1. Out of all the residues in segment B:254-263, is one or more assigned to a loop (DSSP other than H, G, I, E, B), open to solvent by less than 10 Å² (accessible area, probe 1.4 Å) and within 14 Å of chain A (Cβ to nearest Cβ)?
2. Pick out the one residue from A:Arg265, A:Arg269, A:Arg277 that is farther than 21 Å from B:Glu124 by Cα, modelled with pLDDT of 95 or more, touching an Asp or Glu at 6+ places or on another chain (Cβ under 9 Å) and surrounded by fewer than 23 Cβ atoms within 10 Å (Cβ to Cβ).
3. Taking only pairs six or more apart or across chains, which ones have beta-carbon atoms under 7 Å, a first residue in segment A:142-161 that is among the β-branched types (Val, Ile, Thr), and a second residue that is open to solvent by less than 30 Å² (accessible area, probe 1.4 Å)?
4. With the structure loaded, tell me whether A:Gly437 is buried (at least 17 other Cβ atoms within 10 Å of the Cβ) and either of a type in the set (S, T, N, Q) or in a strand (DSSP E or B) (or both) or whether it fails that test.
5. Condition test on A:Ala349, is it among the aliphatic types (A, V, I, L, M), assigned to a loop (DSSP other than H, G, I, E, B) and open to solvent by 10 Å² or more (accessible area, probe 1.4 Å)?
6. Of the conditions (1) within 14 Å of another protein chain (Cβ to nearest Cβ); (2) β-branched (Val, Ile, Thr); (3) open to solvent by 10 Å² or more (accessible area, probe 1.4 Å), A:Val707 satisfies every one except a single condition; which number is it?
7. From the list B:Ala271, B:Ala308, B:Ala280, exactly one residue is part of a helix (DSSP H, G or I), within 13 Å of another protein chain (Cβ to nearest Cβ) and open to solvent by less than 40 Å² (accessible area, probe 1.4 Å). Which is it?
8. What strands (runs of 3 or more DSSP E) completely inside segment B:1-104 contain at least 1 residues that are open to solvent by 50 Å² or more (accessible area, probe 1.4 Å) and away from chain A (no Cβ under 14 Å)?
Amino acid sequence: MKFDTPAGQNSIDRMRIVGRPFRRVDGVRKVTGTAPYAYERHDAVTDPAYGWIVGATIARGRVTRIDAAAVRAAPGVLAVLTTLEHDAAPPGFRTTLHLFGGAEVRHYHQAVALVVAKTFEEARAAAHLVRIDYDAEPVRCDLAAEAHKAVPVADRDSPDYPEVDRIGDFAAALAAAPVTLDETYTTPDQTHGMMEPHATTAAWHDGQLTIWTSAQVVSWHRNSLAQALGIAREDVRLEAPFIGGGFGSKLIMRSDALLAALGARAVGRPCKVALQRPLIANNGTRRAGTIQRIRLGATHDGRLTAIGHHSVNGNLPGAYTEAAIAPTRLIYGAPNRELSMTLAALDLAEGNDMRAPGEAPGLMALEIAMDEMAEKLGIDPVALRIRNDTQVDPRKPQRRFSERHLIECLTVGAERFGWARRHPVPGSMRDDHWLLGMGMAAGFRQNLLMPSGARVRLEQDGRLSVETDMTDIGTGSYTILAQTAAEMMGLPVDAVTVRLGDSAYPEAAGSGGQFGANNAMSGLYAACTTLRASVAARLGFNAEDVEFAGGMVKAGSRSVPLRDAVEAGPLTAEDRITYGDLDKDFVQATFAAQFAEVAVNRFTGEMRIRRMLAVIDAGRVLNPLTARSQVIGAMTMGVGAALMEALAVDKRHGFFINHDLGGYEVPVHADIPHLDVVFLDHPDPVSSPMKAKGIGEIGLCGAAAAVANAVYNATGIRVRDYPITLDKLLDRLPRAA
Amino acid sequence: MRPFTYERAASTAAAVAAVAARPGARFIAGGTNLLDLMKVQIETPAHLVDIRHLPLRGIEDTPDGGLRIGALATNTEVASHPRVKRDYGVLARAIVAGATGQLRNKATTAGNLLQRNRCPYFYETTLPCNKRQPGSGCAALGGVTRSLAVVGTSPHCIAQNPGDMAVALRILDATVETVRPDGSPRTIAIGDVHLLPGDNPEIEHPLAPGELITAVTLPRPPGGTHHYHKVRDRASYAFAIVSVAAVLQKDGTGRVAFGSVAPRPWRVEAAEALLPHGPAAVVTTAFQGATPTAENAFKIPLAARTLALVLAEARA
């Protein structure tokens, strides 16, 4: 099914099942431990060997010698694979890094050996015996120090934009503006911190490989692994039915998958490899830190006349840039603009995708700048954003937003949050020893369209099965797929069985970039549409005017049980959604208004979130329960970004020292009060037949800045260097005692 | 983790004898710290003597009105004990400010007291650390030091004692009862349990190999109001950046100790005497001679501000 004209009225619009708050269909399995993750596939693999990854202890240079004799002699050891005995594996999809092989070391904890033993404990113990010599080179790992060497760079994911994206005459407009702002903001390196580590169980059989792994997009992993192993993709079967979180870290294949496959081949039996938690921060990918300079010019009445956003980023040579300027292209109107990025070489773990790449760190900066501008202008921060709304792409004014209700997000949010009670003068609101502040920010995130396929099968017992290599990374894919199929076929949700994450199934969009739900549902919509036509044909209906409801197929006065269509045998249909070029005529995006109330202890600077609200405009909400979970999870991540999350670089050795979940702090339950979420109801017919848009990332966009602005409103202390930890407030808090 | 042998001790005397007899043997009770360290081979005991089931778990009144806490009483048991809650509130508050419910259910009083430090470089086993490998150097110096100690350190180690419970015990003037390998008991004042690093950071306490803590005894309750304020970057499940334990009397006097600022709970009696003069006076004296890094110098003003908060709360 090619989607190239806006959707008209269709079966999803009935919203009998889609749009309702169904609980997760996989919920019982999750809470009873019967939804096994990749490392726990005891049902599929018996008696596996266990691999333990040895990470490099230099950040840059060469491995000159690996002495593994003592390892090989250790109890239980079956094999040792060293990087010097393997050719460098070609980089996979969306990465420039080779995961194993060759002497070159490009980042700390790069995999340089795999110890395979009969038990996990034996592999771990033996790995301590390996002796590795390096020829180390000086490391580049301090972004601020390397920034002057950064070179202009294009946006990997938006290659149509020039390296310096100019509209109008930015310099002249800024010089002429009666009110201006020129500030620099920094965001730190972050790690994803998902609960399930990267993990793989691999088994070979007659030259064919099966891997059970933790992958957000099955086809990307499968292709990358086949390429790394030098085998055909058809010889790799990949299963990823359950995934314990990813946040972008599992979009690209990591060394666990390659090494499990190599380890299994080396020992002639299945092999399990997990990236040990302390390895993930330096061996895996990170959200790369940024230094962002924002310049704004405005008229006295608060109309932006100039927007400048320059972001400096650091990454491994050849790797991509965190597109922090991405939201600035489209969130506010202003006739004069200059947006650009530069990239410096750093020898740290590869910067790559993490939830809302580009938008999340970009808005952390831009939305503080807007708060600062509002104060300079003496205009309410909500009003300033409303005043600068745009309904068109500032670069191509004929290109309108398909649906854009940011103003409604802002007004609904301000009303519901009690924004009018905020005192605009910082430090004015108190509760005993706590300084209280309210802050807000706007959120923006693009809606991405990806082809996606599915197969449906109506069984003779009347049940419907759905098969697609779509993944559920904890988001609720199983549930909304079941709802969508049930809606389309007029069946109850519990008559639908959903099977996911298997490369034997039709290729789907996968989970990432908040593109999973809308695209995967649309692929399923296409398959169900095909199945409906087959049903109609079997039952002698004209496919155009048939309604599927209550287990019946109806047209006019004729009504036939759906099961009658499969009396002669099951019916199978497979289809996929592809997209025309509606996005050339329309910008598709999601919007948020984020509000936060924060208390800051006037003695210690400790910060506590009191409440938060997000008002979300993201098209049709397919399931308000799972959608809400996505948004509150993202808001929680925003709190982490605002107040605590930062990978700490040891600049001498070139690695992140806080490389576990004790050292890298993310919010815990005690940090997060009740979070309020409101969804606006604006289905987007330009997006897809589902009229839905992404929901997994918009909740993060703007959340951190809302918290930062609340801290400012509480204290009058403007911190432009994330995270806002209490040590950055102490010397400017009111006198103690 | 290296292979090790294991035995369950039949009695306290047998436990002490078993550890004393074998170099590299260790006691294990809750295991919440030891097992983690064994997995990364920072601890490599050849033999473990399990003491969990020994009769050292009771919490009893002492004849002089104090309280004797068995070495194996769990953090949860101590924090929820009626007399601890009533008479030694600072201890209950300090304990529940630490770790998580699950860990407090496993962790024992003696084990918690001797938990090892949380310097990130202590765990980075490929880099030098004078605690792990005496004489190898200190990788923390010049590295990431925000969480580390600012006072009581040496040029060989700036690791902080990260505990909460121990800070409360310090101001309660607890004494630690042990039994030595020869069977003789001794008592150690709480202020002598944690040693400063000096030239030998690897020596962290005065206990001889095989010497076992059997109880921690609290003297008569100190009265006053009890406070424990733990400052950290998130609201739970984190070690302190700075903590303040205080017992304050109506006349403005009291006791105070600081946590996570030094290699041991940091109580300076001469500083404490200045409580009537306010937090700045106390902290100036308590942190005399401090040698913070650029990254952790904020701990000293933070200590003063946290003490000011505690004093303000006491007045309220």
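1. Here is the first cut: in segment B:254-263, the ones assigned to a loop (DSSP other than H, G, I, E, B) are B:260-263.
Subsequent filtering for residues that are open to solvent by less than 10 Å² (accessible area, probe 1.4 Å) retains B:260-262.
From what's left, within 14 Å of chain A (Cβ to nearest Cβ): B:260-261.
Within segment B:254-263, one or more residues are assigned to a loop (DSSP other than H, G, I, E, B), open to solvent by less than 10 Å² (accessible area, probe 1.4 Å) and within 14 Å of chain A (Cβ to nearest Cβ).
2. Numbers: A:Arg265 fails: touching an Asp or Glu at 6+ places or on another chain (Cβ under 9 Å); A:Arg277 fails: farther than 21 Å from B:Glu124 by Cα.
Just one listed residue meets the conditions, A:Arg269.
3. As it stands, the answer is A:Val151/A:Thr342; A:Val151/A:Leu343; A:Val153/A:Thr321; A:Val153/A:Met341; A:Val153/A:Thr342; A:Val153/A:Leu343, since those pairs meet every condition given.
4. Numbers: buried (at least 17 other Cβ atoms within 10 Å of the Cβ): yes; either of a type in the set (S, T, N, Q) or in a strand (DSSP E or B) (or both): yes.
In short, yes.
5. On the way: among the aliphatic types (A, V, I, L, M): yes; assigned to a loop (DSSP other than H, G, I, E, B): yes; open to solvent by 10 Å² or more (accessible area, probe 1.4 Å): no.
No, not satisfied.
6. (3)
7. Numbers: B:Ala271 fails: within 13 Å of another protein chain (Cβ to nearest Cβ); B:Ala280 fails: open to solvent by less than 40 Å² (accessible area, probe 1.4 Å).
Just one listed residue meets the conditions, B:Ala308.
8. Values: elements: B:5-8, B:25-28, B:47-50, B:59-61, B:67-70.
Fully inside segment B:1-104 and qualifying: B:5-8, B:25-28, B:59-61, B:67-70.
The values are calculated or read from the model by the stated rules, or taken from the named source; none is laboratory data. Please read these numbers as outputs of a predicted model, since none were measured by experiment. Every residue, glycine as well, gets a Cβ built from its backbone with ideal geometry; the counts of neighbours run over all protein chains shown. Surface accessibility is based on the protein's heavy atoms, side chains included, excluding ligands, DNA and RNA. Shrake-Rupley method; radii C 1.70, N 1.55, O 1.52, S 1.80 Å.
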